[in-house]
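These notes are about the structure you will find just below.
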Amino acid sequence: MAFVLFLSVFLIAACGLIYELIAGALASYLLGDSVLQFSTIIGSYLFAMGIGSWLSRFIDRFLVSRFITVELMVGLLGGFSSTILFLAFTWTTGFRLLLYLMVIAIGILVGLEIPLLMRILKERFQFKELVANVLTFDYLGALGASLLFPLLLVPHMGLVRSAMLFGLINAGVALWSTFLFRDQLPRASAQRFASIAVIALLTGGMFFGQTITDTADAALYADDVVLTRTTPYQRIALTRWKEDYRLYLNGHLQFSSRDEYRYHESLVHPAMASRPGARRALVLGGGDGLAVRELLKYPGLESITLVDLDPEMTRLFKSHSLLRSLNRDSLSSPKVKVVNADAFPWLQQSRELFDVAIIDFPDPNNYSLGKLYSTAFYRLLSRSLSEGGLAVVQSTSPMFARRSYWCIVETLKAAGLKTFPYHAYVPSFGEWGFVLASRNDWSPGGQLPQGLRFLTVSQMHALFEFPPDLAPVPTEVNRLNDQVLVRYYDQEWREIVR
Amino acid sequence: MKLTRRQVAPALLGMTVKAERPLKGGFVLESQDRGHQIRDRAQPSPTKRTVRVPAVIVGGGIAGLSAAWWMNRSGFKDFVLLEMESESGGNSRAGENEITRYPWAAHYLPVPSPNSRYVRLLCEELGLFRNGVWDERWLCHSPQERLFIHGRWQEGLEPHVGLTKDDIRQFDRFFARVAELRASGAFTIPLEQGIRKLKPAHAALDRLTLSDWMHHEGFFSPCLRWLADYSTRDDYGTGIDAVSAFAGLHYFAARESEEHGPLTWPEGNAWLARGIASRVQPNIRTGVMVSRIERAGNRWRVQAGDTLYEAETVIWAAPTWLARWVVSPQPPAYPLESAPWLVANLTMARWPAEKGLEPAWDNVIYNSPALGYVVATHQSLRTHIPKTVWTFYWALSQSSALDQRRILLGGDWRYWCDRIFADLERAHPDIRTCVERVDIFRIGHAMPRPAPGFLTNPARLALCKPSSGLAFANTDLSGLSLFEEAQYRGIEAAKYVLSVIGQR
């Protein structure tokens, strides 16, 4: 009898620790910065247990019945904790709030368990024996859980089903308590029925949890997906590996937080530094706000118009705390006007003139995107530039897709623009190409803002020199009715990508 | 396929929808009843007023509009154009819904060669051709054509997949023969120009079918024969077994484009028709059916609804075969059959799943009895196009025009929807879940079928010659239903009318 009782202590202690570990692991995976996540979650969990222990004093009657109720609640809440958090992360923006609410709720319930159990058992054991045994089994349970969790549970069951398994254990403890303490229970059968219901629910959860685990966990462990959104326009995915965040659109890398400054400084500053009088800037594509972040380093700019097709993209980069820290909240600047529109028709109807236009579209890997690299598009672009206005076009890699790169240069020329090609090394992309274009003559120079990590004035001049292996190759011009660029691009990248 | 987290929840709840959509639509632009009123000599309404006018144009298709356009730009504005339908345009009319405009028949214009002087003139006037450069906006965007063959899409309409070495040799030899014919200068648009240079060897091509000619020449490759058959069904509404070899080869030999084309618009050639019509709008009377044209003294009395026009000259730009029921003295019977066509516009709530190539402008299924579909939103500048309209073409060419016309008019709307889906399902198994509306235009007499002998047919030649102030102008006089031919015939008729009126 005594052994069975202390086994209960062992099990509920293990359960309590598991829920805590699951919350900590989930938060680290999804939010990153595991030290912060584990510290705050352990802290709030222990604090909530304290609240639970304190609250136990207000329970005066029906101790066993209350204990069983608490067990069932822990089982339900803890068992479904990781499922609820996963789903909340995918579908809501209030993940953090829910996370800490769950941690505190489970903590309070777990905090109630041991005091209640000790008071139930105090009639059967001597006080010193009771305290010694309960605490011994409590800590043993913690040890068991903390070893089981990383070695067996996470690799073999995943977070979703591990939580449910331990929810089942809580419910199991509740069920056998209805037998163990049946003499102290006024309505044993009702609680027995409730226990069975919770067990059934969790078993069902285990069954469906398989699906959730398979997909969610596969995503989690394979590439640490922090965030995914499927919008009508594209699939947005943010991944994390250590401190490196990477944004993918439809599976194509857009930036790595480790080196995106190289890309965005190169994209924005050669044009901007040479035009200190620039007042109006245009960004096409670039819904991540990173080019806008660089533009905002020029206080002389009065307005920045950002045109990005996908409202979800600009909403995410305006509201998600991690993404806001990447673009330094650039999309919330009062100078920035965000327009969610298809760039070609938008430019066609626009009558505004811009001093600097940053064209940051995805690479031309299909005919829809290829239109945005056509003579027809660049003629419109030229029409939208003020006298002396500059446009910069991200132009794929002159290393891996050399013909594609020089085809973009030729196409800009065919649209009547003078071109000033340059390139920079961005480790996560490789050698990357840009083309600066204008109706007027231009040469690099001017004043760079403070605090750049990559570009200096002398470095900037070097970007415009092309070594022999990147030098111009003859190409056709990309026209709407003959999109050679999409063919070049397809051929060239097919040679690189295995 | 790996499930995404977003797809799991609806799947768990059993909420995924895979059912067919409820289908809307029906037959549109039906005019058989009005047409048959003419045939059946229905009593015209009593004349309420008489109008004297130097010139009347009957029919507002491309030929009639072009005649009007030419007279107008020659400074002669004293004419009326009578159109039976509520909008002019004929085979170049269009529809429109909340997604896009879409064509009801003719949907492109090959980039005209320098020889096609009138077409170039029009293109310059409409802003398509400026300073020697064609407007990229309306040249057909990439990708232009794809063919579904042996279970996959390939680029271009000329089959490349699964060809034997012999097939390839035959293709090469065929196109070498076509190049010879092209170099002869006998195959031109307009047709009339080249006929003057016709050598006996070329005239002989009009005495046999294209299929027979291919046999004689040793072109047995099924892929090559399919391409030839597809092309003649597409341009002439009849297959290689019935089409004149001259006409069939004209399709390949008459055009050599120096620019990636063709020119095309969401609404098809209605863009051109409306452009021309806007220049002569005050002269156009729509919804007017001409029931009788009689010679009276040195004038023509044209009965059009309750109005009687007394005209010095008449341009008959409506289908020529109709003239026998209206014009007195009765002209010779038009010698060619007219091909029945079905054109369906499919409103797509979503695109079918695709693997391989992206959807092109023109999408053709190998060995299909139909002609495939054209994507109306193809010329859009947007990168994201969630919904679209497909224009599905079907020239009913498997037997005599009369039989095929009975089949066309016999099937109800459901029947034709099923036939269309059954055809498209070969390339798009999920097509029924994508389409939300099918509007079908049954064209009983869409275009002439140029059978062997059409070039030298005496009735055709007689109809080509204007007399007593009456000129025939429909494109069917050429035997080829092409924009360029219609425009040429219209302008030639207009020139005749101007010369008659100038002699007063």
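The values are calculated or read from the model by the stated rules, or taken from the named source; none is laboratory data. This is a predicted model, so every value here is computed, not measured. Neighbour counts are summed over all protein chains in view; Cβ atoms, including those assigned to glycine, are modelled from backbone coordinates with ideal geometry.
Look at (1) part of a strand (DSSP E or B); (2) within 14 Å of chain B (Cβ to nearest Cβ) and you find that A:VAL283 fails only one, number (2). Close Cβ contacts (under 8 Å, 6 or more residues apart or on different chains) running from residues in segment A:137-153 that are part of a helix (DSSP H, G or I) to residues that are surrounded by fewer than 15 Cβ atoms within 10 Å (Cβ to Cβ) and not polar (S, T, N, Q) comprise A:PHE137/A:LEU7.
Within segment A:87-106, can one find any residue that is in contact with a strand residue (DSSP E or B) (Cβ under 9 Å, 6 or more places away or on another chain), in a helix (DSSP H, G or I) and at pLDDT below 90? So far as segment A:87-106 goes, yes, one or more of its residues are in contact with a strand residue (DSSP E or B) (Cβ under 9 Å, 6 or more places away or on another chain), in a helix (DSSP H, G or I) and at pLDDT below 90. Would you check if A:ARG383 is within 14 Å of chain B (Cβ to nearest Cβ), under 23 Å from A:GLY277 (Cβ atoms) and surrounded by fewer than 16 Cβ atoms within 10 Å (Cβ to Cβ)? Spelling it out, A:ARG383 is indeed within 14 Å of chain B (Cβ to nearest Cβ), under 23 Å from A:GLY277 (Cβ atoms) and surrounded by fewer than 16 Cβ atoms within 10 Å (Cβ to Cβ). Please indicate, with yes or no, whether at least one residue in segment B:101-112 is touching a residue at least 60 places away in the same chain (Cβ under 8 Å), outside any loop (DSSP other than H, G, I, E, B) and closer than 24 Å to B:GLN193 by Cα. Within segment B:101-112, one or more residues are touching a residue at least 60 places away in the same chain (Cβ under 8 Å), outside any loop (DSSP other than H, G, I, E, B) and closer than 24 Å to B:GLN193 by Cα.
Among the residues making up segment B:127-152, those that are farther than 30 Å from B:HIS428 by Cα, more than 12 Å from chain A (Cβ to nearest Cβ) and surrounded by fewer than 18 Cβ atoms within 10 Å (Cβ to Cβ) are B:GLY127, B:ARG130, B:ASN131, B:GLY132. Residues of segment A:454-470 include at least one that is assigned to a loop (DSSP other than H, G, I, E, B) and closer than 23 Å to A:LEU253 by Cβ. When B:TRP361 is tested against the conditions (1) more than 30 Å from B:GLN32 (Cβ to Cβ); (2) more than 14 Å from chain A (Cβ to nearest Cβ), the lone failure is (2).
Yes/no per residue for (1) part of a loop (DSSP other than H, G, I, E, B); (2) in contact with a helix residue (DSSP H, G or I) (Cβ under 8 Å, 6 or more places away or on another chain); (3) among the hydroxyl-bearing types (Ser, Thr, Tyr):
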residue	(1), (2), (3)
B:LEU163	yes, yes, no
B:ASP167	no, yes, no
B:GLN170	no, yes, no
B:GLU192	no, yes, no
B:LYS197	yes, yes, no
B:HIS215	no, no, no
B:LEU224	no, yes, no
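In segment A:386-401, of all residues being under 26 Å from A:ARG494 (Cα atoms) and surrounded by fewer than 21 Cβ atoms within 10 Å (Cβ to Cβ), the one that is farthest from the other protein chains (Cβ to nearest Cβ) corresponds to A:MET399.
A count restricted to segment A:439-458 and to residues that are in contact with a strand residue (DSSP E or B) (Cβ under 9 Å, 6 or more places away or on another chain) and more than 28 Å from B:GLU259 (Cα to Cα) stands at 7. Here B:VAL364 meets the list (1) out of contact with any Asp or Glu (no Cβ under 8 Å at 6 or more places or on another chain); (2) not in a loop (DSSP other than H, G, I, E, B) almost entirely, failing just condition (1). If you go through segment A:389-414 and keep only what is among the aliphatic types (A, V, I, L, M) and part of a helix (DSSP H, G or I), you end up with A:ILE408, A:VAL409, A:LEU412, A:ALA414. Scanning segment A:415-428 for residues that are part of a loop (DSSP other than H, G, I, E, B) and either under 30 Å from A:TYR245 (Cα atoms) or not assigned by TED's automatic domain parsing to the domain that holds A:PRO364 (or both) gives A:PRO427, A:SER428. Just wondering, is there one or more residues in segment A:49-69 that are outside any helix (DSSP H, G or I) and crowded, with 18+ Cβ neighbours inside 10 Å? Looking through segment A:49-69, none of the residues is outside any helix (DSSP H, G or I) and crowded, with 18+ Cβ neighbours inside 10 Å.
Of all residues in segment B:256-275, those that are away from chain A (no Cβ under 13 Å) and farther than 13 Å from B:ILE62 by Cα have Cβ atoms under 7 Å from Cβ atoms of residues that are charged (D, E, K, R) and surrounded by fewer than 24 Cβ atoms within 10 Å (Cβ to Cβ), 6 or more apart or on another chain, in B:GLU256/B:ARG182; B:PRO266/B:ARG101; B:GLU267/B:ARG101. Scanning segment A:332-359 for residues that are in contact (Cβ under 8 Å) with a residue 60 or more places away in the chain and away from chain B (no Cβ under 14 Å) turns up A:GLU352, A:LEU353, A:PHE354, A:ASP355, A:VAL356, A:ALA357, A:ILE358. Here A:SER404, A:SER428, A:SER368 are screened, and the one residue that is over 24 Å from A:ALA281 (Cβ atoms) and within 14 Å of chain B (Cβ to nearest Cβ) is A:SER368. Of the residues in segment A:256-270, none is surrounded by 19 or more Cβ atoms within 10 Å (Cβ to Cβ), within 14 Å of chain B (Cβ to nearest Cβ), in contact (Cβ under 8 Å) with a residue 40 or more places away in the chain and in contact with a helix residue (DSSP H, G or I) (Cβ under 7 Å, 6 or more places away or on another chain). Where strands (runs of 3 or more DSSP E) fall entirely within segment B:276-354, those with at least 1 residues that are aromatic (Phe, Trp, Tyr) are at B:299-304, B:307-316, B:338-348. Within segment A:114-129, the set of residues being part of a helix (DSSP H, G or I) and out of contact with any helix residue (DSSP H, G or I) (no Cβ under 8 Å at 6 or more places or on another chain) comprises A:PHE127, A:LYS128, A:GLU129.
Taken residue by residue, segment B:373-381 has no member that is within 14 Å of chain A (Cβ to nearest Cβ), surrounded by fewer than 16 Cβ atoms within 10 Å (Cβ to Cβ), in contact (Cβ under 8 Å) with a residue 24 or more places away in the chain and within 27 Å of B:SER142 (Cα to Cα).
When the test is whether a residue is surrounded by 24 or more Cβ atoms within 10 Å (Cβ to Cβ) and either out of contact with any His (no Cβ under 7 Å at 6 or more places or on another chain) or part of a loop (DSSP other than H, G, I, E, B) (or both), B:PRO159 does not pass it. Return yes when A:THR228 is within 16 Å of the chain's Cα centre (by Cα), surrounded by fewer than 18 Cβ atoms within 10 Å (Cβ to Cβ) and part of a strand (DSSP E or B) and no when it is not. Yes; evaluated as a whole, the condition is true for this residue.
One residue stands out among those in segment B:116-140 that are in a loop (DSSP other than H, G, I, E, B) and in contact with a helix residue (DSSP H, G or I) (Cβ under 7 Å, 6 or more places away or on another chain): the one that is farthest from A:ALA414 (Cα to Cα), which is B:SER116.
Scanning segment B:92-126 for residues that are among the aliphatic types (A, V, I, L, M) and away from chain A (no Cβ under 12 Å) gives B:ALA94, B:ILE99, B:ALA105, B:ALA106, B:LEU109, B:VAL119, B:LEU121, B:LEU122, B:LEU126. In the set B:LEU227, B:LEU263, B:LEU181, only one residue is under 24 Å from B:SER397 (Cα atoms) and buried (at least 17 other Cβ atoms within 10 Å of the Cβ); that residue is B:LEU227.
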